[in-house]
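Written below as structure tokens is the structure these notes are about.
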Amino acid sequence: MIFESHAHYDDEAFDEDRDVLLASLAGNGIDTVINIGASLESCRKTIALMEKYPFIYGAMGVHPGETGELDEKGFQWLRECCGLEKVVAVGEIGLDYHWKEPEPDVQKKWFIRQLELAGETGLPVIIHSRDAAKDTLDIMKEAHSEEIGGVIHCFSYTKEIAREYLQMGFYFGIGGVVTFANARKLKEAVVYLPMDRILLETDSPYLAPEPNRGKRNSSLNLPDIAGEIAALKGIDREEVYAVTHENAERLFGLKRKTECGRHGGQ
Ligand code: NI
């Protein structure tokens, strides 16, 4: 079965056919989805999705580009959401200097606060970092992120940066970009990364892999991403599904949760 570690099914791009699409995932081998909060509103919608669908779990966080909306009241609400049973991570959080909106100081402030929130709640983090490699790494080291754990979503940096995150015990979310012909550095990084640190993700509705590049993305495209990883690693696609599933369960504590549930029922 396939584990989708990063999707935004609350996005309006799915308003027309969300229920039909989500109902089709299991039949296509996708048995678990983490829906990722990116703003307070999308966290609210993520909670509704995880309450409706047994196979959807949630991550609660505010994307760097949306941190302008945060204040103490909003942050307090976010903290309360982290206590919900099916919330498995804080994210997506980080820095985005491609769009310097809001200004870096605001992004940094709320990145640090949300990292601290993850530390307090014991949840792993889902990191969004674009054109901000150094600041992201500096802040994460300062916050002792090796004790928090998590995944670098849509990893887009070099092998050298990957090594730093490996040493911190982090996982790497690999998505559609790996299928792009010009993604030479990312392909090199994937060859370098140990299989037990890779997660499959789409970032739906964004970043559809080849041959659907530019179209709306969905978890149904995960086989194209897994196929490229398999080719780079010289293994078969089924092994990519199995190992990344195991990795995601380990990171998000899902195995432990289902086992506890089973024992509790005896
Ligand atoms: Ni995302």
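The values are calculated or read from the model by the stated rules, or taken from the named source; none is laboratory data. Here the structure is a predicted model, which is why all the values come from computation and not from measurement. Neighbour counts are summed over all protein chains in view; Cβ atoms, including those assigned to glycine, are modelled from backbone coordinates with ideal geometry. Quick note on the areas: whole protein, heavy atoms, side chains included, nothing else; ligands and nucleic acids left out. Shrake-Rupley method; radii C 1.70, N 1.55, O 1.52, S 1.80 Å.
Is the chain best put as rounded, prolate or oblate by its Cα gyration tensor, with a ≥ b ≥ c the root eigenvalues, rounded for a/c under 1.5, and otherwise prolate when a/b is larger than b/c, oblate when not? Rounded, since a/c falls under 1.5.
Per-residue accessible area (protein heavy atoms, 1.4 Å probe) orders Asp11, Asp131 as Asp131, Asp11, starting from the largest. Rolling a 1.4 Å probe across all protein chains gives Trp110 an accessible area of roughly 10 Å². When a/c reaches 1.5 or more, the comparison of a/b and b/c decides; with that in mind, is region 131-266 rounded, prolate or oblate per its Cα gyration tensor? It comes out oblate by the Cα gyration axes.
Could you tally the net charge around Lys187, taking each other residue with its Cβ under 12 Å from the Cβ of Lys187, Lys/Arg +1 and Asp/Glu -1?
Its environment carries a net charge of +2.
Placing pseudo-labels 7 Å out from each Cα toward the beta carbon at Asp15 and Lys109 gives an inter-label distance of 3.2 nm. Computed extension length for Asn182-Asp236: 17.1 nm, one decimal, from 0.36 nm per residue of separation with the Cα-Cα distance subtracted. Ligands, DNA and RNA aside, Cys82 has an accessible area near 10 Å² when probed at 1.4 Å. Among the protein heavy atoms of region 143-183, carbon and sulfur supply 49% of the accessible surface, probe 1.4 Å, non-protein parts ignored.
Using the Karplus relation 6.51 cos²θ - 1.76 cosθ + 1.60 with θ = phi - 60°, the per-residue 3J(HN,Hα) values for region 160-171 come to 5, 5, 4, 4, 4, 6, 4, 5, 7, x, 7, 9 Hz, with x marking Gly and Pro. Measuring from a point 7 Å past the Cα of Glu147 along Cα-to-C-beta, which residues in region 115-130 have an amide N at less than 20 Å? Within reach of a label on Glu147: 115-127. Ligands, DNA and RNA are left out, and with a 1.4 angstrom probe the accessible area of the chain is 45 Å² per residue. At 1.4 Å probe size, what's the solvent-accessible area of Asp15? Round to the nearest 10 Å². Asp15 exposes around 90 Å² with every protein chain in place.
If you take every residue apart from Met140 with its C-beta less than 10 Å away from the C-beta of Met140, what net charge results, scoring Lys and Arg +1 and Asp and Glu -1? Before the final figure, lay out each step's value.
Numbers: positive: Lys141; negative: Asp135, Asp138, Glu142, Glu146, Glu164.
With Lys, Arg at +1 and Asp, Glu at -1, the net is -4.
Sequentially through region 5-20, phi angles give Karplus couplings (6.51, -1.76, 1.60; θ = phi - 60°) of 8, 7, 9, 10, 6, 7, 4, 5, 4, 9, 4, 6, 9, 3, 5, 5 Hz, Gly and Pro residues having no value and appearing as x. Each part gets one Cα centre, and for region 62-130 versus region 15-41 those centres are 22 Å apart. Were the residues from Thr158 through Glu80 laid out at 0.36 nm apart, the gain over their Cα-Cα distance would be 24.5 nm. The 1.4 Å probe gives accessible areas that order Arg237, Arg184, largest first, as Arg184, Arg237. Counting only protein chain heavy atoms and rolling a 1.4 Å probe, the accessible areas of Ser219, Ser24 rank, largest first, as Ser24, Ser219.
Surface composition of region 1-126: carbon plus sulfur atoms contribute 50% of the solvent-accessible area (1.4 Å probe, protein chains only, all chains present). The tail of the calculated P(r) for region 44-166 beyond 24 Å holds 24 percent of all Cα-Cα pairs.
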